[in-house]
Amino acid sequence: MSKKPIGIFDSGYGGLTVLKSLTDQLPEYDYIYIGDNARTPYGTRSFDVVYEYTLQAVKTFFEMGCELVILACNTASAKALRNIQQNDLPRLAPNKRVLGVIRPSAEIVGTHTTSKHVGILGTTGTVNSNSYVIEINKLHPQIQITQEACPIWVPLVENNQFDNEGGSYFVKHHIDNILQKDSQIDTLILGCTHYPILIDLIKKHTPENITILSQGEIVAASLKDYLKRHPEIDVKCSKNGNTTYFTTDAPAAFDKNAKLFLGKIIQSKKIHLID
Ligand code: DGL
């Protein structure tokens, strides 16, 4: 049996924040990253379209031989993961696994909040799907959840336009909004993998007593635990410490912007997702 890399998918660059934590915490594994930059953002798209695009990415990873795929995108996790796990996997590849990023964050939040008031910052799609509310309520029914959609944050990141007065305004605007909706919030989940890039601005506009949870480390810790509990999957993952990058848009632009997320130079290739 030939071992294969773990597939990491995002609508664009955001999943690189998760990939970075994965390569920090699980450096021995190989990864293939696909960013669907040509069709980003997903956050404002319909359920059906996000599902269709995400399924194409999953099929592409499977075609490359990946046994395990992480949807490092909250919008894809919220709108496509359940359908893919329940309807597509059994027919396409019953022994392969697709995991998301919402469940690990929902699991961990109970250990961070004292007030039991938690805020979710996410894309319109993630917020409207109510996935965080559903997942957190299942595990921690005593937690009160308030959500805020921040539709402009992903375009600010994708276009590298956040480090200015306009960027600061829009970050402050949504933080103020969510804290106005519930002043008892003591924990904020950055429910979009793009948002860690805005962390300095987010911290600047958030009171210091509020804990801000980014998903990278949470997802990496959860994957480590998953692979320990599932040796039958772990044994199929190759371990040479390599990462390969693909984008559905121009590789030169991807490489330039990826540096912002990864802090290092990479060389991506263009890919067409399987229909
Ligand atoms: N980074 C993604 C997320 O975690 C999606 C952003 C988008 O494409 O709108 O939700």
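Descriptive notes on the structure:
- The Cβ shell under 14 Å around LEU19 holds other residues with a net charge of -1, Lys and Arg each +1, Asp and Glu each -1.
- The range 100-164: relative contact order in percent, alpha carbon pairs under 8 Å with at least 6 residues between: 37
- D_trans [Stokes-Einstein, Kirkwood Rh over alpha-carbon pairs] for the range 117-237, 10 °C, 1.306 mPa s, µm² s⁻¹: 102
- Taking 7 Å steps out from each Cα toward its Cβ at GLN184 and ASN160 produces label points 4.4 nm apart.
- Environment charge of SER129, counting only residues whose C-beta is closer than 13 Å and scoring Lys/Arg +1, Asp/Glu -1: +1
- Cα Rg, Dmax, the chain, angstrom units: 17.7, 55
- HN-Hα J in Hz across the range 238-248 - Karplus 6.51, -1.76, 1.60, θ = phi - 60°, x for Gly and Pro: 6, 9, 10, x, 9, 10, 10, 10, 10, 9, 8
- Segment ARG39..LYS256, full-extension length gain: 76.3 nm, with 0.36 nm per residue of separation and the alpha-carbon distance subtracted.
- Area accessible to solvent at THR123, 1.4 Å probe radius, in Å²: 10
- Along the axis of the charge dipole computed for the range 140-275 (Cβ charges of +1 for Lys and Arg, -1 for Asp and Glu, origin at the Cα centre), the listed residues TYR169, PRO196, PRO207 are led at the positive end by PRO196.
- Long-range Cα-Cα pairs in the range 175-275 (distance over 24 Å), rounded percent: 49
- For the chain, the dipole from Cβ point charges (+1 on Lys and Arg, -1 on Asp and Glu) about the Cα centre works out to 560 debye, to the nearest 20.
- For the range 207-260, the spherically averaged projection of the C-alpha convex hull amounts to 6.8 nm².
- Projected label distance in nm at ARG91 and ILE265, using a 7 Å step from Cα toward the beta-carbon: 4.7
- Per-atom-type breakdown for the range 126-275 gives carbon and sulfur 49% of the accessible area (1.4 Å probe, protein chains only).
- Taking a straight Cα-Cα cut-off under 14 Å and skipping sequence neighbours fewer than 8 places away in the same chain, the aspartates and glutamates within cross-link reach of LYS259 are GLU158.
- Under 18 Å from the THR111 label point (7 Å along Cα→beta-carbon), backbone N, the range 193-220: 211-220
- If you take all other residues with their beta carbon under 13 Å from the beta carbon of LYS264, and give Lys and Arg +1 and Asp and Glu -1, the sum is +1.
- When only alpha carbons of the range 39-111 are considered, Rg and Dmax amount to 12.5, 39 Å.
- Sparse-neighbour loop sites [GluC sites (Glu not before Pro); the range 174-249; at most 12 other C-beta within 10 Å; DSSP]: GLU208
- Cα-based convex hull, the range 21-151, per residue volume (Å³, whole number): 124
- Taken per residue, the accessible surface of the chain reaches 43 Å², heavy atoms only and a 1.4 Å probe.
- Ligands, DNA and RNA left out, the 1.4 Å accessible surface of the range 1-114 is 48% carbon and sulfur atoms.
- Residues listed by number, the range 179-197, amide nitrogen under 12 Å from GLN144 label point at 7 Å toward C-beta: 181-186
- By accessible area with a 1.4 Å probe, ligands and nucleic acids excluded, highest first: order of ARG103, ARG82, ARG39: ARG82, ARG103, ARG39
The values are calculated or read from the model by the stated rules, or taken from the named source; none is laboratory data. What you are looking at is a predicted structure, and each value in this text was computed from that prediction instead of being measured. Don't worry about glycine lacking a Cβ; one is built from the backbone with ideal geometry, like all the others, and counts go over all protein chains shown. Heavy atoms of the whole protein, side chains included, go into the accessibility calculation; ligands, DNA and RNA do not. Shrake-Rupley method; radii C 1.70, N 1.55, O 1.52, S 1.80 Å.
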